[in-house]
Amino acid sequence: MELYDKGDLSIHPHSFVCDLQLNFVDDKISSNDKYTYRVEATGSYSTLDHFAVSQNLYQRMNDFKIVDSCANFSNHCPLILEVGVSVLCAIV
């Protein structure tokens, strides 16, 4: 299982994702607000932060949330990725 958080993509994101055969999860965001970076003082906002995951993990995703709370001391909003994972236990 592979999970990459590239954060601020200073490289071209699509080449990075294609080279590693990953999928962006932006289409799984559960809200209409897709901005991950906000500066209230200037009214600036953008989608800078992304998750890219393997196809196997992408198919197991349940939800992807951007958390915009007053308790955040950064201009970047926390991202929460919810993934369903099966756990097999052996009874000895």
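Scanning the stretch 43-75 for residues that are modelled with pLDDT of 85 or more, surrounded by fewer than 16 Cβ atoms within 10 Å (Cβ to Cβ) and closer than 14 Å to residue 30 by Cα yields 62, 63, 65.
Can you name the residue in the stretch 76-92 that is assigned to a strand (DSSP E or B) and of a type in the set (A, V, I, L, M) and is also surrounded by the fewest Cβ atoms within 10 Å (Cβ to Cβ) among such residues?
80
For the stretch 47-82, enumerate the residues that are of a type in the set (S, T, N, Q) and farther than 16 Å from residue 17 by Cα. Walk me through it before giving the result.
From the stretch 47-82, those of a type in the set (S, T, N, Q) are 47, 54-56, 59, 62, 69, 72, 74-75; that's our starting set.
Passing the criteria: 47, 59, 62, 69, 72, 74, 75.
Of everything in the stretch 29-42 that is in a loop (DSSP other than H, G, I, E, B) and under 12 Å from the mean Cα position of the chain (by Cα), the residue that is surrounded by the most Cβ atoms within 10 Å (Cβ to Cβ) is 36.
The values are calculated or read from the model by the stated rules, or taken from the named source; none is laboratory data. Not measured: the values here are computed from a predicted model. As a convention, Cβ positions derive from the backbone with ideal geometry for all residues, glycine included, and neighbour counts pool all protein chains shown.
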